[in-house]
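S.K.: Dropping a structure here in structure tokens format, bear with me for questions.
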Amino acid sequence: MKLLYSLIGGLLIVFASCTNESETDVNDWGNEDAVVIDSSKIEVVETLFDKDTFDIRIKKELLKELQICNDDSKSTEIDYNNPTCSPRFFELFQLSEKIELKNAFLLQIKARTNGFPLRRLLVFERDKGVLVKANGFVANLIEKRKSTTGYDDLVLRFNHKDQGEDVYFFNCLFKWSGKKYEYHSVEVIEGPGWGGAVKQDLKDSVSVEVLKEITNNKMLF
């Protein structure tokens, strides 16, 4: 934990030293070697949970199969402890371009649902007819990147709290290993009024410490 704070402190110094430079430099935390990703391969994800019905019927059927919601289609009450099978609490995304949604998907769950304070992302694949959880994250899906594996790389946003207050946000990259998603690196660290992409020459050491942090806080399950 102390090492993580020390590394972030170093990043803040880099950030502060760039405040008089161009906007691009500030966003990269002074990193002239920042990796540029083809924007055509990036899908920004924003889940608002503001719809009453799913765009396709299979999403509700999958939720019912998982038995994580109340199958009362007539209920319009927003009850976080007894959530309906609706996009007010849940959203599903295709896991792989090679597999139908009914057999593999990402499930984003709204904060406070079933009494859990933060957003969660679950990864499911069907095995011998049964949906099996491959991954669980206490995180928000913010980006999908096209991959040659057919399974998108995921950028997940984790929040770190200190004494109950949000202090840092970690945007972390995960890649499909064949059976589940594996942590790859931290891409961005942000705090109140500051933040940006992690410098390439610091990424390895900072990524190791961020993985320790999210693991110790049981944000991977």
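Readers should treat all values here as calculations from the given coordinates under stated rules, not as data from a laboratory. The shown structure was predicted, so the numbers you read here are calculated from the model rather than taken from an experiment. As a convention, Cβ positions derive from the backbone with ideal geometry for all residues, glycine included, and neighbour counts pool all protein chains shown.
S.K.: Within the range 82-98, find all residues whose amide N lies under 15 Å from a label point positioned 7 Å from the Cα of residue 51 along Cα-to-beta-carbon.
M.R.: Only 85-94 pass the distance filter.
S.K.: Label points 7 Å out from Cα along the Cβ direction at residue 44 and residue 201: separation in nm?
M.R.: Placing both labels 7 Å beyond Cα along the Cβ direction yields 3.1 nm.
S.K.: Sticking with this structure for a sec: Of 62, 156, how do they rank once you tally other Cβ atoms within 10 Å and put the fewest first?
M.R.: Numbers: 62 22, 156 25.
Going from sparsest to densest Cβ surroundings: 62, 156.
S.K.: Right, next: Quick one: 154, 92, 202, fewest Cβ neighbours within 10 Å first, how do they rank?
M.R.: Values: 154 27, 92 22, 202 16.
Least to most surrounded, the residues fall as 202, 92, 154.
S.K.: What's log10 of I(q)/I(0) for the range 41-116 at q = 0.11, 0.16, 0.17, 0.26 Å⁻¹, Debye sum over Cα points only, no solvent?
M.R.: For the range 41-116, the Cα-only Debye profile gives -0.28, -0.58, -0.65, -1.37.
S.K.: Roughly how compact is the range 147-207, stated as its Cα Rg over 2.2 N^0.38 Å to two decimals?
M.R.: 1.27
S.K.: As a quick test, which of the pairs 64/146; 102/161; 180/203; 128/212; 98/203; 51/180 have an alpha carbon distance above 27 angstrom in this structure?
M.R.: Details: 64/146 29 Å; 102/161 36 Å; 180/203 23 Å; 128/212 34 Å; 98/203 32 Å; 51/180 29 Å.
Pairs exceeding 27 Å: 64/146; 102/161; 128/212; 98/203; 51/180.
S.K.: Please arrange 39, 96, 205 by how many other C-beta atoms lie within 10 Å of their C-beta, fewest to most. Let's see the in-between values first.
M.R.: Numbers: 39 7, 96 17, 205 14.
Least to most surrounded, the residues fall as 39, 205, 96.
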